[in-house]
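Peer 1: I am attaching a structure below and will ask some questions about it afterwards.
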Amino acid sequence: MSTPVNKNEGESYGAFVRRQFRKNSFGMVSVWIVGIVAVIAIFADLLANDKPVVCSLRGEVYFPVVREMGVTFGIAQWGTEFATADWKALNYDWAVYPLVPYAPSSTDKQLVTLKERAPSGSHWLGTDDIGRDVLSGLIHGSRYALSIGFVAMSIALTIGIILGAIAGFFGGLTDLLISRLIEVVITFPRFFLIITIVALVEEGTLWLIMGLIGLTGWTSIARFMRGEVLRVRNLDYVSAATALGYSTTRIIFRHVMPNAIAPVLIYAAFGIVSAILFESALSFLGFGVPPTVVTWGSVLHKARASTYSWWLAVFPGLMIFVTVSAFNLIGDALRDATDPRLRN
């Protein structure tokens, strides 16, 4: 009787993780959702802007939005007259506007009553109390949401991975000091600490919010990394590298961290969720980004002052819910895909 052949025998760990991840339908759908949000964030200026994407003026073709994005190759140059011009007021030969012909900061002063600010053919998702288009704000807000999530998580990962690796590898007094530092940082109520610091600053910035979220969110990563390094440092290949006389730095960064970091990176998906929620909560309470910056949380903040403007709460809340759920499902799918017990 012939022995069944295992088609996946000899499969690399990376290929195994990808195969297991593709089996998770919710995870794959979530990847597509995050990809769509990322595309919207990258091309936000082309999707929602009060300037034309391409226009003809006095027989010359211009690309105002593309130039605004910093792309000048192959685009007609213009002098100071057009560099500082009000592109909404010019008399075009012809013009092609973005799908949403409003910038997130532009206001429609003709809208006065609540009924006029509600969703309509002119403003598909309505406007806020000063006439700013909600759909344009959500499109450009996706850029800030992803930026805050990835930048804050990068800061937290860098600090957490380095401190966790040092504590786990060296042990002893070094491990004791770093563990006590982690416990001290954990004792501070993170949300209220960020609110206090932002309130003390005269005018908060987006980078300040990113930095605070990242500098206060590394503790769980460090503890997780420490545990993984404690497991890996006693394996045979690490002992062999030590016996061969390799430097401590090389052993940590070339042999220990690459084999301990994979499970830690799964935490990044959940950390991005935490950063997005933190920024949204801070902006909702009025402690987030400056008023001129439109984020999903700042649109929600406007809903507090206008109880009957349901669209100011529903649409940004839906964007936050969908994006946060997608990252959570990706994290769950990665956690299941990296489980070595599924390999058999």
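Peer 1: Given R₀ = 51 Å, what would the calculated FRET efficiency be for ARG58 paired with SER325, taking r from the Cβ atoms and rounding to 0.05? Working shown, then result.
Peer 2: On the way: r = 50 Å, r/R0 = 0.98.
Between ARG58 and SER325 the formula returns 0.55.
Peer 1: Moving on to the next point. Can you list the HN-Hα couplings for segment 302-310, worked out from phi with the Karplus curve (6.51, -1.76, 1.60; θ = phi - 60°), rounded to whole Hz and with x for Gly and Pro?
Peer 2: Those phi angles translate into 5, 5, 5, 7, 10, 4, 8, 8, 4 Hz.
Peer 1: Using a Förster radius of 45 Å, what is the FRET efficiency between TRP124 and THR174 based on their Cβ-Cβ separation? Nearest 0.05, please. All intermediate terms of the calculation are to be shown ahead of the outcome.
Peer 2: Values: r = 57 Å, r/R0 = 1.27.
According to the calculation, E is roughly 0.20.
Peer 1: A further question follows. If you average the alpha carbon positions of segment 32-66 and of segment 233-277, how far apart do those two centres end up, in angstrom?
Peer 2: Answer, in whole Å: 42.
Peer 1: Sticking with this one: So how far apart, in nm, are the two label points at THR292 and LEU90 if each is 7 Å from Cα heading toward Cβ?
Peer 2: Simple spin-label model gives 2.3 nm for this pair.
Peer 1: Through the Karplus equation 6.51 cos²θ - 1.76 cosθ + 1.60, θ set to phi - 60°, convert the phi angles of segment 163-174 into ³J(HN,Hα) values in whole Hz; use x for Gly and Pro.
Peer 2: Residue by residue, segment 163-174 yields 5, x, 5, 5, 5, x, 7, 7, x, x, 5, 4 Hz.
Peer 1: So what J values fall out for segment 288-299 if you push phi through Karplus, 6.51 cos²θ - 1.76 cosθ + 1.60 with θ = phi - 60°, rounded to Hz, Gly and Pro as x?
Peer 2: Running phi through 6.51 cos²θ - 1.76 cosθ + 1.60 with θ = phi - 60° gives x, 6, x, x, 6, 8, 9, 10, 4, x, 5, 5 Hz.
Peer 1: From the square roots a ≥ b ≥ c of the eigenvalues of the alpha-carbon gyration tensor of the chain, which class results: rounded (a/c under 1.5), prolate (a/b over b/c), or oblate? Display every interim value, and only then the final one.
Peer 2: Details: a/c = 2.17, a/b = 1.81, b/c = 1.20.
Since a/c reaches 1.5 and a/b is larger than b/c, the shape of the chain is classed as prolate.
Peer 1: Counting only helical runs of four or more DSSP H residues, what would the 222 nm mean residue ellipticity of the chain come to if each run contributes -39,500 (n - 2.57) and the total is spread over all its residues?
Peer 2: -19000 deg cm²/dmol
Peer 1: Let me ask something else. What FRET efficiency comes out for the pair LEU200/SER105, r = Cβ-Cβ distance, R0 = 35 Å, nearest 0.05?
Peer 2: Details: r = 27 Å, r/R0 = 0.77.
FRET efficiency, LEU200 to SER105: 0.85.
Peer 1: Moving on to the next point. Which residue, GLY214, GLY160, GLY227, has the most motion in a Gaussian network model of the chain that connects Cα atoms within less than 10 Å?
Peer 2: Among GLY214, GLY160, GLY227, the largest mean-square fluctuation in the Gaussian network model of the chain belongs to GLY227.
Peer 1: Hey, another quick one. Taking the chain as a Gaussian network, Cα atoms linked when under 10 Å apart, which of SER25, SER280, SER142 shows the biggest mean-square fluctuation?
Peer 2: SER25
Peer 1: Continuing with this model, one more query. Mind telling me which of MET225, MET210, MET257 comes out most flexible in a GNM of the chain, alpha-carbon contacts under 10 Å?
Peer 2: MET257
No lab work stands behind these numbers, since they all come straight from the coordinates. Everything numeric in this text was worked out from a predicted model, so none of it was measured. Here the Cβ is made from the backbone with ideal geometry for all residues, glycine too, and neighbour counts use every protein chain on show.
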